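The values are calculated or read from the model by the stated rules, or taken from the named source; none is laboratory data. Bear in mind that the values here come from a model prediction, so they are computed numbers and not experimental data.
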Amino acid sequence: MEQKKKRLRDLIRLNINRIVNHDESPEYQVGDDRITFRPEIFNGAITLWLFVNGCRQNLSWQIVSTPHTGHLRNGGDVRTQNFYWVVVNGKRARYLYFDVESKVISSGTDLFKNLYQAYGDYHGRNRFDALSFKAQMKEMSEQLWHRPQHEIKKFYREYNALLRKSRLDSR
């Protein structure tokens with residue numbers, strides 16, 4: 001059986017802002033292991049730690065914050081809250097992605113060679129193997145009319161000639 005390509009939508013997405021702001025520690029059961037992500041504050045720096053079966057692992061990510069600017073539509077103020085990001089390879093990321101099968105945790109762009117592999121192609125089709133729009137319309141018209149393309153073109157030529165003739169006669 002052919003192995004299905006992984007896409008970001010197939011992985012578990014960890015929202016860093018929700019984990020820090022709402023004091024959530026998401027837990028996932030992978031085989032016999034219980035995996036938990038917990039933010040911890042030490043000397044003003046926030047770090048997201050990985051725990052496996054309640055034991056802290058060596059894998060962690062630095063979390064940075066930026067203050068909210070602006071106001072809410074209802075007139076409320078959000079300046080007291082911060083928006084949190086995780087730093088992966090010197091870049092800020094809003095989410096971490098967790099692959100249950102291979103037990104890999106990283107930002108979305110680190111798991112794939114290029115972004116086309118990460119996000120997939122248009123509606124599940126392969127971007128480069130897809131038919132052109134013209135070819136798709138030809139196929140659809142042949143399926144709808146059950147006639148080859150040259151007969152359909154002949155019909156449209158005759159139809160347009162009749163339309164032109166009727167417009168000239170009505171003047």
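Is it the case that some residue within segment 76-84 is under 26 Å from the mean Cα position of the chain (by Cα) and either of a type outside the set (A, V, I, L, M, F, W, C) or at pLDDT 85 or above (or both)? Within segment 76-84, one or more residues are under 26 Å from the mean Cα position of the chain (by Cα) and either of a type outside the set (A, V, I, L, M, F, W, C) or at pLDDT 85 or above (or both). One residue alone among S60, S25, S65 is assigned to a loop (DSSP other than H, G, I, E, B) and in the same structural domain as F98 (by TED's automatic domain parsing), and that residue is S25. The number of residues in segment 24-43 being at pLDDT 85 or above and not hydrophobic (A, V, I, L, M, F, W, C) comes to 8.
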